[in-house]
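Chemist: Structure incoming, see below.
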Amino acid sequence: MTIIDHHSSYQTQDLIAADIDAYLLQHQHKSLLRFITCGSVDDGKSTLIGRLLYDSKMIFEDQLAALEADSKHLGTQGQNIDFALLVDGLAAEREQGITIDVAYRFFATEKRKFIVADTPGHEQYTRNMITGASTADLAVILIDARKGVLTQTRRHSYLAQLIGIRHIVLAVNKMDLVDYDQATYESILADYRNFAAGIGIHSFTPIPISGFIGDNITSRSANMPWYDGPCLMTHLESVEVDSTADQAKPFRMAVQWVNRPNLDFRGYSGQISSGRIRQGDLLRVLPSGKTSRLSRIVTFDGDLDEAVAGQSVTLCLADDIDCSRGDVLSVADEPPQIADQFEATIVWMAEEPMLAGRTYWLKLGTQMVGATIQAPKYQINVNTLEHRAAKTLELNAIGVASLTTDKPIVFEPYSENHDFGGFILIDKMSNATVAAGMLNFSLRRSQNIHRQAIDVTREAHANLKNQKPAILWFTGLSGAGKSTIANLVEKKLHRMNRHTFLLDGDNIRHGLNKDLGFTDADRVENIRRVGEVAKLMADAGLIVITAFISPFRAEREMVRNMMAPGEFYEIHIDTSLAEAERRDVKGLYKKARAGKLANFTGIDSPYEAPLTTEIHIDTTILTPDEAAALIVEELLK
């Protein structure tokens, strides 16, 4: 079998021989379809892609030979060759005995060019399916005819719909292994149709295939005369990809960088996400809200009168207004929204579960802000579609939660604009991507709550006390001596007429945080609350001393980021686990070792020691008095 009929193939070869420039122009203007193959393990994704590549290989053998012969001609003409090469990663998978996370394949037929993302079916690699699907126009969801609709089939279908893929192909594969039985196919189709309707997939194209034999791949199969629909390749070549839909939306462009090669030129570069723009249009810079007329549209090939969605351009404004990377340019009378609190759908992609209250980096386009996630409103069961209560999200879980950013961001709901509604979450310590998400809408309170201007500033409070506000953050294992040393430090500062307040972990849990336990999520929330309280006290001009285990680096860093540079002192009260356990003043280690005290730091809950600190205290060398004197000395410097 082959995708290209001989007459068409001969025409292509004649065109290459007669006019290579005309051939390249013809190929350049073919439409491009990006699609993804997904489904459960061993549903036959790689075999299907291998079949598509094999059957489309003939045209490339002919065309590449001609292109190679004309390489010198191409070089002198300076053409931009835009064609796909056959890349065989399937052999690498077989040889290494592994599944490559996301493998992109490139091929073409006479009618269209294709980029296909081959993603693994294993549940632990669901995050890679999302990566491949994020730029896809179509999803081919495979089902093994012997197994029917499985959990991973439902999960991938749900994610494809969630991400906004409009075209779904249900490829019931391995029909040869069920003797091409129509009843088996119809039963699978009925099961999938019932599930798909529940998640909002009301239209999809079902095709019974055999990737191994080639049935209904590039031509209709005689083995299934009862099927009267298109073969897979016919459908892939003919499905409509609306490349103009984004152009009809209001103009949006995230600024990727400011281009200023000299004092006479200042341009804002990026790729247009939606809409179209013309010279003279009135633009708005967000979040500042300043406006200016568009004076030039600059590209590598020269200035344009008009630019549309998908083009990468540099825009020059008539006025020299403040605009930098992370800002957004929009049409002035239809700007996107700005908010700092949202409801979002989140797909968790990390081995470690989500910790409510922890601050992650949120990256949306060119915007990067800190974001704190609240406990999920619910988690979605992909099999039953029911909403389940959940305190966290684990690997591959899908849930809906509220999140707050540390400053307002420019956004649009994901359903309206993928570029300004889709985001990723990044762990601040490891820089690993831990989740992908979609902003559903901003919370009303984000629009109704505004900061109130106060005349008596934190500087005025500090001047009245004749001191510089600071937070002395003591961290260390239980029994290290944090409370003892912190108490001595406060006494020394008090004798010096310094205005202080000591927040001790045990005392706080008797009041403000008495509703919290000792799970990782509760520890995160414990430190978040204490950090906010400490910041308010510092705003009042106080020197705040805190004594908490605070086992996680991320939360200590979160509190540091609340303060101005030089106002946060991380003090590691360093004692080995063996020494802390030997002291065991409160008898807690003994209980933990006996299994009577769960989630105890150092035993069955981790402690992440500081990598760098302002002050390091080794209590095996220094006495509490010596340690306190050293800390006060460093502070007064």
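Chemist: Could you please report the charge total around ARG498, scoring K, R as +1 and D, E as -1 over all other residues with beta-carbon less than 13 angstrom from its beta-carbon?
Modeler: Around ARG498, the charge tally is +4.
Chemist: Ranked from the most accessible area to the least, with a 1.4 Å probe and all protein chains present, what is the order of TYR54, TYR378? Before the final figure, lay out the partial values.
Modeler: Details: TYR54 155, TYR378 60 Å².
So, going from the largest accessible area down, we get TYR54, TYR378.
Chemist: Sorted from largest to smallest, which semi-axis lengths in Å does the alpha carbon gyration tensor of segment 169-307 give for its equivalent ellipsoid, taking the root of 5 times each eigenvalue? Working shown, then result.
Modeler: Working: eigenvalues 544, 62, 31 Å².
Equivalent-ellipsoid dimensions as semi-axes: 52, 18, 12 Å.
Chemist: At 1.4 Å probe size, with no ligands or nucleic acids counted, give the accessible surface of ARG166 in Å², nearest ten.
Modeler: Rounded to the nearest 10, the figure is 150 Å².
Chemist: Helix 182-198: angle to the longest alpha-carbon principal axis of the chain, degrees 0 to 90, nearest 10?
Modeler: 40
Chemist: To two decimal places, what compactness ratio does segment 192-264 give when its Cα radius of gyration is scaled by 2.2 N^0.38 Å? Spell out each step's value before the answer.
Modeler: Numbers: Rg = 22.1 Å, N = 73, 2.2 N^0.38 = 11.2 Å.
Cα-based Rg divided by the globular estimate yields 1.96.
Chemist: Evaluate the relative contact order of segment 118-247 (contact order divided by residue number), counting alpha-carbon pairs under 8 angstrom at least 6 apart; express in whole percent. Walk me through the numbers before you get to the answer.
Modeler: Numbers: 152 pairs, mean separation 26.8, N = 130.
Once normalised by length, the contact order is 21 percent.
Chemist: In segment 360-427, how does Rg compare with the Kirkwood Rh, expressed as the Rg/Rh ratio over alpha carbon atoms? Provide the component values of the computation, followed by the final result.
Modeler: Numbers: Rg = 13.1 Å, Rh = 13.2 Å.
On the Cα set of segment 360-427, Rg over Rh gives 1.00.
Chemist: Still on this structure, please answer the following. Please give the solvent-accessible surface of THR151 in Å², to the nearest 10, using a probe radius of 1.4 Å with every protein chain present.
Modeler: The accessible area of THR151 comes to roughly 60 Å².
Chemist: Send over the semi-axes of segment 324-363's equivalent ellipsoid, whole angstrom and largest first, taken as the square roots of 5 times the C-alpha gyration tensor eigenvalues.
Modeler: Values: eigenvalues 177, 30, 20 Å².
Taking √(5λ) for each Cα gyration eigenvalue gives 30, 12, 10 Å.
Chemist: Expressed as an acute angle from 0 to 90° and rounded to the nearest 10, what is the orientation of the C-alpha long axis of helix 520-539 relative to the principal long axis of the chain?
Modeler: Here the helix axis deviates by roughly 60 degrees.
Chemist: Take segment 282-321, compute every pairwise Cα distance, and split them into 10 Å bins from 0; I just need the percent in each bin.
Modeler: Histogramming segment 282-321 at 10 Å steps yields 28, 51, 21, 0 percent.
Chemist: If you build the Cα gyration tensor of segment 549-630 and take the root of 5 times each eigenvalue, what three semi-axes come out, in whole angstrom, biggest first?
Modeler: Values: eigenvalues 133, 68, 16 Å².
Working from the Cα gyration tensor, I get semi-axes of 26, 18, 9 Å.
Chemist: So what's segment 387-484 giving for Cα Rg divided by 2.2 N^0.38 Å, two decimals?
Modeler: On the way: Rg = 20.7 Å, N = 98, 2.2 N^0.38 = 12.6 Å.
Ratio of Cα Rg to 2.2 N^0.38 Å: 1.64.
Chemist: To continue, here is another question. Per 10 Å bin from zero, what fraction in whole % of the C-alpha pairs of the chain is there, up to the bin with the longest pair?
Modeler: Bin by bin from 0 Å, the calculated values are 3, 13, 18, 20, 18, 13, 9, 5, 1, 0.
Chemist: Near LYS596, which lysines are there with a Cα under 23 Å away, not counting those fewer than 8 places off in the same chain?
Modeler: By straight Cα distance, LYS596 reaches LYS514, LYS586.
Chemist: Hey, another quick one. Using a ≥ b ≥ c from the Cα gyration tensor of segment 474-587 (square roots of the eigenvalues), is it rounded, prolate or oblate, where a/c under 1.5 gives rounded and otherwise the larger of a/b and b/c decides, a/b for prolate?
Modeler: Numbers: a/c = 1.60, a/b = 1.19, b/c = 1.35.
Note, shape of segment 474-587 comes out oblate.
Chemist: Compare the peptides 460-471, 301-312 by average per-residue count of other Cβ atoms within 10 angstrom and give them in order, highest first.
Modeler: Numbers: 460-471: 16.5, 301-312: 13.8.
The peptides rank, most packed first, as 460-471, 301-312.
Chemist: Next up: Project the alpha carbons of segment 121-189 onto their principal axes and report the range along each, largest first, in whole Å.
Modeler: 36, 25, 16
Chemist: In addition: How far is helix 45-55 tilted, in degrees, relative to the longest principal axis of the Cα atoms in the chain, given as a value from 0 to 90 rounded to the nearest 10?
Modeler: With both axes taken from Cα atoms, the answer is about 40 degrees.
Chemist: Here is a follow-up. Give the ranking of LYS111, LYS482 by solvent-accessible surface, highest area first, calculated with a 1.4 Å probe.
Modeler: On the way: LYS111 140, LYS482 20 Å².
The ordering from most to least exposed comes out as LYS111, LYS482.
Chemist: Also: Compute for segment 255-295: radius of gyration divided by Kirkwood radius, i.e. Rg/Rh, restricted to C-alpha atoms, rounded to two decimals.
Modeler: With Rg and the Kirkwood Rh in hand, the quotient comes to 0.96.
Chemist: Also, I was wondering about something else. What are the chymotrypsin sites (Phe, Trp or Tyr not before Pro) within segment 210-248 that DSSP puts in a loop, where the Cβ has at most 12 other Cβ atoms within 10 Å? Working shown, then result.
Modeler: On the way: sites: PHE212, TRP226, TYR227; in loops: PHE212, TRP226, TYR227.
Passing sites in segment 210-248 are TRP226.
Chemist: Kindly report, to the nearest 10 Å², the accessible surface of ARG284 as traced by a 1.4 Å probe over protein heavy atoms only.
Modeler: For ARG284, the solvent-accessible surface is approximately 70 Å².
Chemist: Roll a 1.4 Å probe over the protein chains and send me the accessible area per residue for the chain in Å². Could you put the intermediate results ahead of the total?
Modeler: Working: 30320 Å² over 637 residues.
I get 48 Å² per residue for this part.
The values are calculated or read from the model by the stated rules, or taken from the named source; none is laboratory data. It should be emphasised that the depicted structure is a prediction, and the values quoted were computed from it without experimental measurement. Glycine gets a Cβ as well: all are built from the backbone with ideal geometry, and neighbour counts include every protein chain shown. The accessibility values were calculated without ligands, DNA or RNA, using every heavy atom of the protein model including side chains. Shrake-Rupley method; radii C 1.70, N 1.55, O 1.52, S 1.80 Å.
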